[in-house]
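Shown next, in structure tokens, is the structure this report addresses.
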């Protein structure tokens, strides 16, 4: 049973949210503040926070640099559209209007769980594929995003452009993909760009939506 971390400074409402969760056979862990929740320690689950004065956005921002990263669902009475948009942009996975039913909350939590499972499945699959590459093939794959063309990759790795082309063909074959954009997508999903700067990661993510023309 997954944990739902209920963060709400109002005791009566917090207790009512926990009651709704228990009705749906969900395990609730109540917290008065986001700071109390963050100090709680590492555990898997979903954070459900009452969004008062931007509390959900602040929690999402704090979670970005916190090793205990869990999905965040915000809620409040009659949320305004601009609040919902800003909170989702900050990283929340959903925004609910309070009061909500057992079924409504359950569907959101289950949706988050399915998304996490799919992400883990894709990560494991990508890591398995990347593990089949040689060290040099992995270097060429990572260089695709930062240098793009065969000539630039060749200069960076001190090999010939023709050799780069051979490596690229081998990479596509080993990964079972049709083009370099698909290969980069697998590299992103498998964490091959973990050491990149934020700008480079953004470029990598953008490249996965394009075609080979974008990367030479």
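None of 34, 15, 28, 47 is touching a residue at least 12 places away in the same chain (Cβ under 8 Å), over 16 Å from residue 93 (Cα atoms) and within 22 Å of the chain's Cα centre (by Cα) except 34. At least 2 residues being at pLDDT 90 or above is the threshold, and among the helices (runs of 4 or more DSSP H) wholly inside the range 85-196 those reaching it are 102-130, 135-147, 150-157, 161-175. Being part of a helix (DSSP H, G or I) and either at pLDDT below 85 or within 17 Å of residue 3 (Cα to Cα) (or both) is not true of residue 25.
If you go through the range 44-70 and keep only what is over 24 Å from residue 12 (Cα atoms) and touching a strand residue (DSSP E or B) at 6+ places or on another chain (Cβ under 8 Å), you end up with 44, 60, 63, 70.
The values are calculated or read from the model by the stated rules, or taken from the named source; none is laboratory data. Here the structure is a predicted model, which is why all the values come from computation and not from measurement. Ideal geometry is used to build each Cβ from the backbone, glycine not excepted, and the neighbour counts take in all protein chains shown.
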